[in-house]
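Here's the structure, in structure tokens; my notes come after.
The values are calculated or read from the model by the stated rules, or taken from the named source; none is laboratory data. Since the structure is predicted, the reported quantities are computational estimates derived from the model, not experimental observations. For neighbour counting, all protein chains shown are included, and Cβ atoms are generated from backbone atoms with ideal geometry for every residue, glycine included.
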Amino acid sequence: MPMNTLEDLLVEQVRDLYDAEKQLVRALPKMARAVSSEDLQQAIQSHLEETKNQVSRLERVFEELSRPAKTKPCKAMKGLVEEGSEAVDGNSPLTDLAIIAAAQRVEHYEISAYGTARAIAQQLGQDTVASLLEETEEEEKAADSKLSDIATDLMGQFDGEIASDEEEEAGRSRKSTQEGNASRRAARS
């Protein structure tokens, strides 16, 4: 669709978001199955329901704009989803952290896209549209924050692992020193 007006630009942005959200509705269940953290699984499942509501909200935006609810292929989301699917190998806290990293890239994309669309709607005096878009933008910010909290908790599991690795290395070093001392004593005898 050629863009000649600010409203045309808004419609293109909303169509892009509509496709992005529909892609996520398909991708989130796979992510939820791949995680080992119960908190992360619940967060993803909760966000899936929220995303379905966001799709419906975008349909309301189309109604407000008197435009058909049509998608425009969102290449950015396609790339983010493909990249995220690479993280879905394994079932460990490390896999969970990789999935969170991918999910947060998605959230950041959505936050900026909804923010831009909201600003255009405000400029056009489309207050209802701006309000609907802002509602989703706020949900995306909350999802990003929740993912950060879960990531912090998961990384706490690695503190013990790092300490264990350091203790193991120190033990090997002590053993090596003791063996070296025993060899020198044997050589003196």
Among (1) over 18 Å from the mean Cα position of the chain (by Cα); (2) in a helix (DSSP H, G or I); (3) surrounded by fewer than 16 Cβ atoms within 10 Å (Cβ to Cβ), where does residue 62 come up short? (3)
Among the residues in the stretch 41-51, are any of a type in the set (Ser, Thr, Tyr), at pLDDT below 95 and touching a helix residue (DSSP H, G or I) at 6+ places or on another chain (Cβ under 6 Å)? no
Could you tell me which of the residues 80, 154 is part of a helix (DSSP H, G or I), touching a residue at least 40 places away in the same chain (Cβ under 8 Å) and either more than 17 Å from residue 32 (Cβ to Cβ) or not basic (Lys, Arg) (or both)? 154
Of 69, 76, which residue is small (Gly, Ala, Ser) and under 18 Å from the mean Cα position of the chain (by Cα)? 76
Any hit, the stretch 86-105, residues being at positive phi, modelled with pLDDT under 95 and out of contact with any Cys (no Cβ under 6 Å at 6 or more places or on another chain): yes
Just checking, does the stretch 5-13 include any residue being under 30 Å from residue 125 (Cα atoms) and not in a helix (DSSP H, G or I)? yes
Restricting the stretch 125-149 to residues that are free of Cβ contacts under 8 Å to residues at least 24 places away in the same chain and among the hydroxyl-bearing types (Ser, Thr, Tyr), which is surrounded by the most Cβ atoms within 10 Å (Cβ to Cβ)? 131
